[in-house]
1. Out of (1) in a strand (DSSP E or B); (2) modelled with pLDDT of 95 or more, what's the single condition that is false for N53?
2. Against the conditions (1) over 14 Å from the mean Cα position of the chain (by Cα); (2) buried (at least 17 other Cβ atoms within 10 Å of the Cβ); (3) without any contact (Cβ under 8 Å) to a residue 24 or more places away in the chain, where does V38 fall short? Just the number, please.
3. Counting only residues that are outside any helix (DSSP H, G or I), of a type in the set (S, T, N, Q) and farther than 17 Å from K125 by Cβ, which one in region 79-110 is modelled with the highest pLDDT?
4. Any idea which of (1) in a loop (DSSP other than H, G, I, E, B); (2) in contact with a helix residue (DSSP H, G or I) (Cβ under 9 Å, 6 or more places away or on another chain); (3) surrounded by fewer than 16 Cβ atoms within 10 Å (Cβ to Cβ) is the one E113 doesn't satisfy?
5. Can you give me the number of residues within region 83-111 that are of a type in the set (D, E, K, R) and under 13 Å from G57 (Cβ atoms)?
Amino acid sequence: SALMEAAVPARARQNAHPLAKAVRKAKISVAGKETDLVLTAYADRVFIIATQNGKMGTLISATGDSKTAAVGNETYSVKVLMGRRNEQISELLARTLVAKIGKNVLLGLNIKELDTKAAKELMEKIIAYKVW
């Protein structure tokens with residue numbers, strides 16, 4: 001698509017998953033440290049990787065479930081699939097992203113010092129690079 005061509009160099013598009021609707025890569029700064037950001041939009045979810053060392057780190061799945069919620073009160077489910085558990089800021093970031101994006105989120109997160117300020121900064125930059 002034109003969006004994908006504008007957002008991603010040809011070499012990166014060749015490596016994109018065939019089911020991906022759009023892919024966007026960027027180098028950003030989070031808490032003063034260079035961070036690689038990769039956003040991949042699929043029909044049913046957005047896969048986000050934010051890493052400061054080239055590794056995926058903790059993998060978190062965040063989903064919205066409107067079927068079990070009362071009207072206007074969507075519920076969210078956050079599950080750590082791999083990596084560090086009980087990192088409340090990472091889980092809160094994933095939950096906030098699914099609420100703001102409106103799609104399920106798979107988040108690969110490897111940020112060295114993720115405090116609430118860094119999480120908010122990262123969330124704002126992810127939203128600014130939207131591919132969904």
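1. Just one mismatch for N53, condition (1).
2. (1)
3. Restricting to residues being outside any helix (DSSP H, G or I), of a type in the set (S, T, N, Q) and farther than 17 Å from K125 by Cβ, the top hit is N104.
4. (2)
5. 3
The values are calculated or read from the model by the stated rules, or taken from the named source; none is laboratory data. Remember, predicted model here, so these are calculated numbers, not experimental data. No Cβ is skipped: glycine too gets one built from the backbone with ideal geometry, and neighbour counts run over all protein chains shown.
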